[in-house]
Each structure stands twice: as structure tokens, then as C-alpha cells.
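To keep things clear, I will list the structure first and then write my remarks on it.
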Amino acid sequence: MDGQRVAYWAAEAEVDEDLEDVDLNLAIGNFGQTDQYEDAKSHIDETTLLAVQQQMAQQAFAQIPDVVKRFIVHFYQAVQENNLAEISVSYESGWNRLTEKYYAKTEWPEAELIAPLVNDDPIFLILYRELYYRHVYSRLQPNLDDRFHSYENSCELFNYLLNSDGPVTLELPEQWLWDIVDEFIYQYQSFSVWRSKAGSKTEEELTSLGDGGQPWSSYSVLNVLYSLIQKSRVHEYINAVQEGKTQEEIGEVVGEFGSLPLYRMLGYFSILGLLRVHTMLGDFTLALKSMENVELNQKSSLTRVTACHVSTYYYVGFSYMMLRRYTDATRTFVTILNLILRMRQYHTRSYQYDQINKTADRMYALFAICNALSPSRLDDNILNIVKERFGEQVTKMSRGEEGIPAFEELFTYACPKFVAANPPPYEDADALAAYLEDTHIDPAQRHLKNFIADVRARLSVPTLRSFLKLYTSLGTKKLAGFLDTDEEEMVQQLMVLKQASRSIGRMGSEKGLLDGSTVSNNDLNFVIDENMVHITESTVGRRYAGWFIRNTEHAQRVYDGLKNSPLPLPIKPANTQPQQQPGQPQQSQPPAQVKTVAWGGVKTLG
Amino acid sequence: MPGPTSSWVCPPERTQIIENLVSGVGESKQTHLKGIRVVYCGSLDRYNPSNIGILEDYLYQQTRSEEYDCLANLAILKLYQFNPTLYNSDVVIHILIKALTSAPFPDFYLCVSLLDERPSSANADEPDPLPSILPQLQQLYALLQQCRFPAFWTLYLSEEYRVLREEYTVESVSFEDSVRKVVVRAVKAAFTKIGVKRLSSYFNLEETASEAFVSKLGWSIEDGVVIVPPNPDNQIQSTVVQETIALPRTFTSLLRILPHIPADGRVIELVKVITHAARTA
């Protein structure tokens, strides 16, 4: 049969082909057929799989609302064209609006999914992922993969910026650049906090964490920040600007990278990032030292991004507080809090408004602490707000030992998130087991303890001060009697009081934030002449300027009002006034009284 | 006189090498991060663990003399913080002892802030002395902060603190004198005159030794009373702080606020308006 069949096939092929060839083909074909079948089967499986996947992807893609797709395409085009205005619109309003509408509780579509919309542009996809993960961190609960991948994505972004052959041509709005640096540090902090909770990790998380390849290590984060600073030569830039060099000279100093706004701003924001990272790690000296060249004033570049402005002052103020430079801390908080008050009307619509307000609230709390330790009358307005918000704690804090919980409460509420520089020993199961058995104090508690120690050392200060205020001179024995303490003990407390009324503070002309001179921070001054205390008090004279400015402003309003109001009929008021006067003699007095009240007000202002 | 912080930020004894380490002036190099893809890395000397030796030697030099460089010592603690394997408890304790007497700077707190929690030492044969010494140092520091000098000496010289004295502070040259300097600082600010007896209890010295100590400072003694020379902190004077505002500024702000009132001409009208404003305010 076989033979016949072959013959038959062969016969047919014979018509135009060589017999032998056909045979060969046929033989191969026979073998091949089975193979082909197998192949085909697996092929089908794969294709169906692919098809299914594709279908799912298509479905997922189809599920992306059209408006979102259009947004992404538009966004991509804006980035392609380096159109800063359009990027800002997409970034600041478009993204947030669509988040509210479609992704309030779920992730944005994955980058792979939207890749076709943006020509698979790797840079845009990195930027997209940056937003994607930021959204996950802020709105949802990031899982292990998110944490690792967001780190990888940040590394890719920084690699692209720093390790390309030359400066890249990408341009992004300053707000976004700030957010990139800010978010990078936030995710580092979030990871460190999560990592330090060794007790609540799943098996899978433990394996990944023990794997050695630690993402988000403190070293790598600092590396990125220092690299951005060095690449952009931003310190050199700031110095050159301060020295008043020309644009050309500056260009020469900062090189090809630093000349571009993208690098310059990233470098600049990285300095502020260092401030934050060092604070989180408990190195308050280095935090302020890294700000060496940055000028904290209203003209400095940091004011251009409000979130950055507020955050910087918060960390500077906090670091001052931890350096026990309460006057400097107070001044820092007052400056920025006043600014926030003034900005309030313009910023209510900003998506960062909530964040800024939260930071402001924490600064009011820190202000309350500083003011309790070193009272100043720098700004009555801020002080009043603090009393409104934290009235209870403010009262308690002046009551010695009783006030300690109030200090603790405010500190815990208002301090930044602290992180431990090193993870628990995940790589070593035994060590980890031992680690879990120990009790651990988290970094915030350590810093709190440390801070409270200083508070405790000054506990006697408010009481002693209020006593001294009543006298111009007083024997130490008598004073000890009033306070119901031992005389020697009390003399020692007086030395504490003296030290508490001196502090290191900036006078205004210093360059670095760490510089300062000894300043007196209290009106009350005293000296001990063996066993006699002599007390004097400095008073602040009347302050006219503010009063005049306020009243001039008021005068202008009155003047404008007068000018705009119709002329009164001349006779009528002349008639009514004498009529009132005899009838109600009290009525004529108020003007005089009002006058004294207004001037009396000045006295209390002084 | 330069501000007190300048020698704190950069003491005169600091060498250029140390300055480079502390201020982090370093060559930027391309390096690979552990396990992670390459990030362009300014490998700053400050974070380079191999520099620990230089800084530790510098600390040794400080303990052998009266020099002190807080920022350099903080740099050591920073390296320990990031590289727990480098950790050396003796070095940490010496840093803390140095920081103990650095009034008016809060160096002690700053140093303690950088002591991250350590994993419990794996080496049980040689227990880490820090956990037992640290609370003692904190206690002593609290007493200094509270100017409770006699209590400081009692505690410091107690049996409980023998290890601290015999193994650590003994190494630190003139530790006791540096405590006395803290006393001098506190006394100088608060007193114009102080009894020798009281001062001696602060110094933990015999009265004659105290007298010798203060004469070296140039203070004079009369009938058992030490006269503290006048200085900005023990001179009291009731003052009235007056607001000083440069005239141009007030004027320009006035002019800005009141653009339509000529400044020279109708001053009387302006006064009237202000008076009216005061009444209605």
C-alpha cells in the first residue's frame, strides 16, 4: 500500500518535478508532519495565550476612559515639545482632576499599558511611572513591588539625567522638579519606616528584604542628592550670583549642565533635600551645614515653589530647635507662618494647600514649644494663634514638671518623621530572631527623650523668673524662703536662669546658618552679688512705626471714603449736634474717650 | 572678637585634611552602589568609611590635649551610623566625654542623637560598655545643665562611677578642669561676687586651690570673696529698647500708601486725617 501510495504521489509530482526530490520531500514531510503538529499545538497555546493576554490588555486599555487617553497623549506631546506651560497645566491640574474622577481609589493604568499612546517613549514612561507611584504612595497602600519598583524608576530617572552623554534637553516645571526630589525622599523615609517594623513582615517580604540588594539605602539616597548638587554645580552658581558676577561668568562657572534650569533647580532642591534627610537621620548640625550657601530670604529661589519654601523653613526651624537655638527657631517659624497667613487667600485652590496647612499647624506647635522655653514677643499675632490652637498645652508648659506631657505631646505631633539609618538584620535569620526579642525604641522616641532632657534642665526657670520680676533686689535667703527650697540649690537655679536667658542666635549678618553670637533673649536681667540678687528689667519703648503705618492705611481708606461719598448738606449736621448735646451729655464724651482708648492702645502695643 | 560659633564650626586646630573630611569637599567619582545599578556618585570623603582612621586619630589627639572639634567628632558618629561594623564603643564614649563639657553648645545632645540603636552585640564575651556608661554620662550632663555642680562631683566621684573614671575620663586630659571651665562660665555670667566657699564647692577644690584657680583667670579675692570681673553678662542695666526706623523708609512707605497726597504741601490735612483715623480706629 505504501509503495502504491508513494507511487501515486510520486506519479503526480512526476509531472513537473524530479522524482527523487519528491521522495525526499515526502519523507521529510512525513517526519515533519508530526513535528509540525506538535509545534502547531504549542504554537496555538502560545498564541491563544498571547491573544488572551492581548485581549485582556486590550480590554484594560479599552477600559481606560477616553478622556484619560487623550490627557496622556496631550501630556506626552507637551513633554516632547518642552512646552512648560502645557506641562504645568497637565501636571498641576489635569492629573489631579482625573485622579479625583477616575483613580481616587485605584492605580492609574500601568505604564506598559499606555506605552502605545506615547510611542513607547522611555523618558515619558519614566516620568509617567514617577507620577504613577507617587499616586500609589499618597492614595493607596504601596506593596513590596511598588516600593522596589518606585526605587528602580527613580534610579532610572536619575541615571538618565546624570549619566547621559551630555545634559539632556528635557525641561520640566520647577514645581515638578521639586516634587521629584521631595517624593524621592518621602519614599525613602516611607520605606525606612516600613522596613524597621520587622515584626509584621510576611514570608515573601522577609526573603526580599534579606536578599541583600537593599533599595532605598541611606547611602544611595544621599548619593543621588550629592550627585545632583555636584553635577549642577549649584553651590558654585549660588556663590557666583552672590558675588554679582555677570551671566557670562556664571555660565563659565557652572558648565554645560548647570546652565540648564532643569539641572540647576534639581541641584538646588537637592540641597534642600539634604537638609531634610539629615534631619530625619538626627544629624541636625549637618542639616544646617548643608544649607551653608543657601540664603533664607524672600528673594531666594526657594520661594518660587511654595511647598519647597514652607518645607525648608520647617526643617531649618526644627533643626535650630534641636540645636537648642530657640530664638533662631522662633524667628524662622514666625517668618514662614506670617507668609502662609498672607498667602492663604491665593493658595486655597492649590492641590498642595492641605499639605502646606498641615506643615503650618506643626510649626505653630513647634513655635509653642520654643516660646515656652525661651519666651519672646517677636510676633503677637502668631502667638495669639498659637494660644488659640494649643492654649491648653501652652498653659501647662509653664508649670514645671506638670508640663512635661504637654511638651511631649506637641513634640510628637510636630516633629518630622525620623528614620533609622540601618535596617534590622533581615539577612541573618538568627540575628533577626534575636532582634525581634529585644525591645526597640523608635528613633522619634529617642529624639524626644533627648529633647525632654533639656526641657527638664530648665524646669525651674519660669517660676524663678516670675518671682524675680517682683523685686529690684532681694537676699538669696529670702528668695529661697519664698520658693521653699534650699538656698544653695536656689543659687544654682539662678545660674540656670541666667544661662537660659542667653542663647546662640543669628544677628542677621552671618553667612552660614550655623553661625551666630550670644544673644540675650529675655527682658529680665539679674546678677548675684554674693548673697544679694539685683534685678533689672529692660522695657521696650513705644513702637510708633507699625502704629503709624496702620493708621495711615486707615486714613487712606477714610480719605477715599470721604472723597467718594456725596457732599453732605451743610446745615443739617450743625442742627442735629447741638440738639443731641444737651439731651444726652454722655454722647459728647465718647469722642474724647475713644481718643484715649486709641492712644492707650498704643501703650499696650509698645 | 569672632563670634563664639566660628571656633565651634571650625576650631583653629583643625587641619586641612580634617576640614576636607568634615566639610565634604571631595573628588567626584563614578562608583557602583551595592547591588543597585550605577548611580553617578559624588563619593564624598565624608561618607567614605576608609577615612575613619584619620578622624579617630584626630579624636585621640583631642583627648590628649585640650583641643576639641565637635563637627569632626560628629563625622565619626555619622560613619558609625552608616557602617555599624566600624563601631567602636571606646571612641563613642570619648566623644561623649569631650562633648559633656562643651557649654554653651548642646554637643552632648547632638552626639547622642546620632547614636542609632545598635543590634545587640553578637560578641557576648566582650559586652558593649556603652549601654551602661551612656546613662551615667547623661546623668552627669543633666547635672551640669542644671548647674548643680556639687551634686555633679558627688555623683562623679561615687563608687558607681568608678569604671567611668578609671577607664575613660582618666584618659581624657584635664577632664576635671574642663568641668571647672563650665563652672567658670556659669559663675561669670551670674555673679559679681561669690564666696570662696561656695565657689570651692562648685570646683570641688580646697579653698586655697580654688583661689589659685581663679587667680589664674585674673579674678581677685578680697576677704574670702571672689570678685568676678565685669563682663557683658554680669552687667545689669535697665534699658529701654527704642525702635529705630530710618526716616527714608517710613517716608517712602507713607508715600506709597498715600500716593495722592503730596508729601510737602498739605501736611496739615494729613495730620487731620490721621487724627480722625485715631478716633475712629
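Pairs of alpha-carbon atoms within less than 8 angstrom and 6+ residues apart define the contacts here; what relative contact order does region B:137-206 have, in percent? Please report the intermediate quantities before stating the final value.
Working: 28 pairs, mean separation 27.1, N = 70.
Relative contact order, region B:137-206: 39 percent.
At 4 °C and 1.567 mPa s, what whole-number value in µm²/s does Stokes-Einstein give for the translational diffusion of region B:137-210, with Rh from the Kirkwood sum over Cα pairs?
It diffuses with D of about 100 µm²/s by this estimate.
With a Förster radius of 41 Å, plug the Cβ-Cβ distance of A:Lys69 and A:Lys197 into 1/(1 + (r/R0)^6) and report the FRET value to the nearest 0.05.
0.55
Fewest Cβ neighbours within 10 Å first, please rank B:Ser172, A:Ser517 accordingly.
Values: B:Ser172 19, A:Ser517 16.
Ascending Cβ contact count within 10 Å gives the list A:Ser517, B:Ser172.
Using a 10 Å cut-off around each Cβ of peptide A:548-561, what is the average number of partner chain Cβ atoms that fall inside?
6
With r defined as the distance between the Cβ atoms of A:His534 and A:Tyr186 and R0 fixed at 51 Å, what FRET efficiency is calculated, to the nearest 0.05?
0.40
Ranked by Cβ crowding within 10 angstrom, fewest neighbours first, how are A:Tyr128, B:Tyr68 ordered?
In order of increasing Cβ crowding within 10 Å: B:Tyr68, A:Tyr128.
Can you put A:His235, B:His94 in order, fewest other beta carbons within 10 Å first? It would help to have the intermediate numbers written out before the result.
Numbers: A:His235 19, B:His94 22.
In increasing order of surrounding Cβ atoms, one gets A:His235, B:His94.
Which net charge results when you count Lys and Arg as +1 and Asp and Glu as -1 among the other residues whose beta-carbon is under 11 Å from that of A:Arg264?
0
May I ask you to derive the relative contact order of region A:261-312, considering only C-alpha pairs under 8 Å and at least 6 residues apart, and to give it as an integer percent?
The value is 29 percent.
Using Cα centres only, tell me the gap between region A:272-296 and region A:184-243 in whole Å.
15
Using the Karplus equation 6.51 cos²θ - 1.76 cosθ + 1.60 (θ = phi - 60°), what ³J(HN,Hα) coupling, rounded to whole Hz, does each residue of region B:7-15 give in order, writing x for Gly and Pro?
Running phi through 6.51 cos²θ - 1.76 cosθ + 1.60 with θ = phi - 60° gives 7, 6, 5, 8, x, x, 6, 5, 7 Hz.
Can you list, largest first and rounded to whole Å, the semi-axes you get for region A:197-299 by taking the square root of 5 times each eigenvalue of its Cα gyration tensor?
Computed over region A:197-299, the values are 36, 16, 9 Å.
Which value in nm describes the separation of the simple spin-label points at A:Ile441 and A:Gln242, placed 7 Å from the Cα toward the beta carbon?
3.8
R0 = 30 Å: FRET efficiency of A:Phe148 with A:Asn357, Cβ-based, nearest 0.05?
For R0 = 30 Å, the calculated efficiency reads 0.40.
How large is the Kirkwood hydrodynamic radius of region A:408-449, in angstrom, based on all distinct alpha carbon pairs?
Computed over region A:408-449, the radius equals 12.0 Å.
Quick check: pseudo-label points 7 Å beyond the Cα along Cα→Cβ at A:Ala431 and A:Gln141, how many nm apart are they?
It is 3.0 nm.
Which pairs, out of A:Lys105/A:Lys387; A:Lys396/A:Lys477; A:Lys387/A:Lys563; A:Lys478/B:Lys188; A:Lys245/B:Lys98; A:Lys417/B:Lys188, put more than 32 Å between their alpha-carbon atoms?
Correct reply: A:Lys105/A:Lys387; A:Lys387/A:Lys563; A:Lys245/B:Lys98; A:Lys417/B:Lys188.
Determine one quarter of the surface area of the Cα convex hull of region A:460-579, which equals its mean projected area, and express it in nm² to one decimal.
Value for region A:460-579: 15.9 nm².
Using the Cα centre as the reference, give the magnitude of the dipole from point charges on the C-beta atoms of region A:460-579 (Lys, Arg: +1; Asp, Glu: -1; all else neutral), rounded to the nearest 20 debye.
980
Could you check the simple spin-label distance between B:Thr15 and A:Glu81, using points 7 Å along Cα→Cβ, in nm with one decimal?
My value for the distance between the label points is 6.1 nm.
Quick one: net charge around A:Arg233, please, counting Lys, Arg +1 and Asp, Glu -1 for every other residue with C-beta under 12 Å from its C-beta.
Values: positive: A:Lys231, A:Arg264; negative: A:Glu236, A:Glu252, A:Glu256.
After counting each charged neighbour, the total is -1.
In vacuum, with every alpha carbon of region A:117-242 counted as one equal point scatterer, what does the Debye formula give for log10 I(q)/I(0) at q = 0.18, 0.21 Å⁻¹? Two decimals, please.
-1.07, -1.35
Since every read-out is calculated from the coordinates, none of them should be taken as a lab result. These numbers come from a predicted model, not from an experiment. All Cβ positions, glycine included, derive from the backbone under ideal geometry; neighbour counts span all protein chains shown.
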